[in-house]
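Here is the structure we will look at, set down as structure tokens.
The values are calculated or read from the model by the stated rules, or taken from the named source; none is laboratory data. From a predicted model like this one, the values you see are computed outputs, not experimental measurements. Every residue, glycine as well, gets a Cβ built from its backbone with ideal geometry; the counts of neighbours run over all protein chains shown.
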């Protein structure tokens, strides 16, 4: 393992780590977030899923609206997936919403509507990974179990000088072992929140605030003067590029939308019909009544590729028959359409038109 020993020119980073972190959390950690101060596993689970790859400031509004519509796991399990996706619309990474719905149904069907109390049982549920399961178990049931989300990986890698490549499974397992070894005998919930808060507020990816860090004295990365070097993750996926054309068909104030397949990008969401190219779309509408106008292309960044999208806004005459070559879908009034689960860039496009019309 390529890490700096704790006794090489400085204090052992493990010594007093948990106690210092707990004391800092009590005095300086975050205490006013809407999902804090509860031991309800449903609320903790919901917040943990929403916070994956999403900033706290964005999640707060979604969290409140979601709880208002689905106040408990039974309500979520009983809801149509379309309703869940509609409330998730704009939050991104929509597989989280589908997994959330599937997991709620599993909790109701297999556990009588009560979340199991151990991390091992929680991790067996659909869509709950090891770290999320541990967070629920620690916060709600006091189980002494480690978490290892992105923020925690960064904190521990820097404090310990953990230089192994976290794009490789053995290195990740080794860091899990370190995380487990650092757990305090008591106060695991406060400790866990402290780790999360330290990574989110001080030990950030860029320009960490080391002068205010409660564990700076033993931090190997600070001693080296290179905190941004950690964590090490060398395997980077090559981002691809894709171009597509969208058909924005309008008639009598209504819009034609299609539901995307159950797998793939934007799975299960409602969207504008998509074509591989502008030429393919142009050929599809050849001979249609009405007129079309190409809108300015726009970019949308996804995890693995940059997507260039261009919409053809085509207006059918009010009394024209529906074209035979129309892709399977249905007409929606603007207010109906905007209440659906829509991909963020499609929502922005349609919402702008609705606002202009208003």
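Brief remarks follow.
- Flag for residue 295 being crowded, with 17+ Cβ neighbours inside 10 Å and over 24 Å from residue 261 (Cα atoms): no
- Of the criteria (1) part of a loop (DSSP other than H, G, I, E, B); (2) modelled with pLDDT of 95 or more, which one residue 265 fails: (2)
- Test result for residue 337, crowded, with 18+ Cβ neighbours inside 10 Å and either outside any helix (DSSP H, G or I) or in contact with a helix residue (DSSP H, G or I) (Cβ under 8 Å, 6 or more places away or on another chain) (or both): yes
- Subset tally (residues that are touching a residue at least 60 places away in the same chain (Cβ under 8 Å) and either within 16 Å of residue 181 (Cα to Cα) or assigned to a helix (DSSP H, G or I) (or both)) for the stretch 123-140: 5
Here's the yes/no breakdown for (1) modelled with pLDDT of 95 or more; (2) in contact with a strand residue (DSSP E or B) (Cβ under 6 Å, 6 or more places away or on another chain); (3) crowded, with 18+ Cβ neighbours inside 10 Å; (4) closer than 21 Å to residue 231 by Cα:
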| site | (1), (2), (3), (4) |
| --- | --- |
| 128 | yes, no, yes, no |
| 155 | yes, no, yes, yes |
| 158 | yes, no, yes, yes |
| 170 | yes, no, no, yes |
| 184 | yes, no, no, no |
| 194 | yes, no, yes, yes |
| 203 | yes, no, yes, yes |
| 214 | yes, no, yes, yes |
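- Counting only residues that are out of contact with any helix residue (DSSP H, G or I) (no Cβ under 9 Å at 6 or more places or on another chain) and either in a strand (DSSP E or B) or surrounded by 13 or more Cβ atoms within 10 Å (Cβ to Cβ) (or both), the stretch 298-314 holds 6 of them.
- Positions within the stretch 31-83 being assigned to a helix (DSSP H, G or I), under 22 Å from residue 270 (Cα atoms) and more than 15 Å from the chain's Cα centre (by Cα), in sequence order: 65, 69, 76, 77, 78, 81, 82, 83
Quick grid of which residues meet (1) closer than 24 Å to residue 351 by Cβ; (2) more than 27 Å from the chain's Cα centre (by Cα):
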position: 230; (1), (2): no, no
position: 240; (1), (2): no, no
position: 247; (1), (2): yes, yes
position: 255; (1), (2): yes, yes
position: 266; (1), (2): yes, no
position: 296; (1), (2): yes, yes
position: 302; (1), (2): yes, no
position: 307; (1), (2): yes, no
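- The set of residues in the stretch 10-27 that are part of a helix (DSSP H, G or I) and in contact (Cβ under 8 Å) with a residue 12 or more places away in the chain comprises 17, 18, 19, 20, 21, 22, 23, 24, 25, 26.
- Matching residues, the stretch 315-329, being touching a residue at least 60 places away in the same chain (Cβ under 8 Å), surrounded by 13 or more Cβ atoms within 10 Å (Cβ to Cβ) and closer than 23 Å to residue 261 by Cβ: 326, 327, 329
- Pairs where the first residue, in the stretch 145-159, is without any contact (Cβ under 8 Å) to a residue 24 or more places away in the chain and the second is assigned to a helix (DSSP H, G or I) and surrounded by fewer than 23 Cβ atoms within 10 Å (Cβ to Cβ), C-beta under 9 Å, 6+ apart: none
- Every residue from the stretch 216-255 that is in a loop (DSSP other than H, G, I, E, B) and either surrounded by 12 or more Cβ atoms within 10 Å (Cβ to Cβ) or in contact with a helix residue (DSSP H, G or I) (Cβ under 8 Å, 6 or more places away or on another chain) (or both): 219, 226, 230, 231, 232, 233, 252, 253
- Positions within the stretch 102-122 being farther than 27 Å from residue 261 by Cα and part of a helix (DSSP H, G or I), in sequence order: 110, 111, 119, 120, 121, 122
- For the stretch 84-101, the set of residues classified as in contact with a helix residue (DSSP H, G or I) (Cβ under 8 Å, 6 or more places away or on another chain) and part of a helix (DSSP H, G or I) consists of 84, 85, 87, 88, 96, 97, 98, 99, 100, 101, listed by residue number.
- In the set (1) within 26 Å of residue 153 (Cβ to Cβ); (2) surrounded by 18 or more Cβ atoms within 10 Å (Cβ to Cβ); (3) touching a residue at least 60 places away in the same chain (Cβ under 8 Å), residue 46 fails one condition alone, (3).
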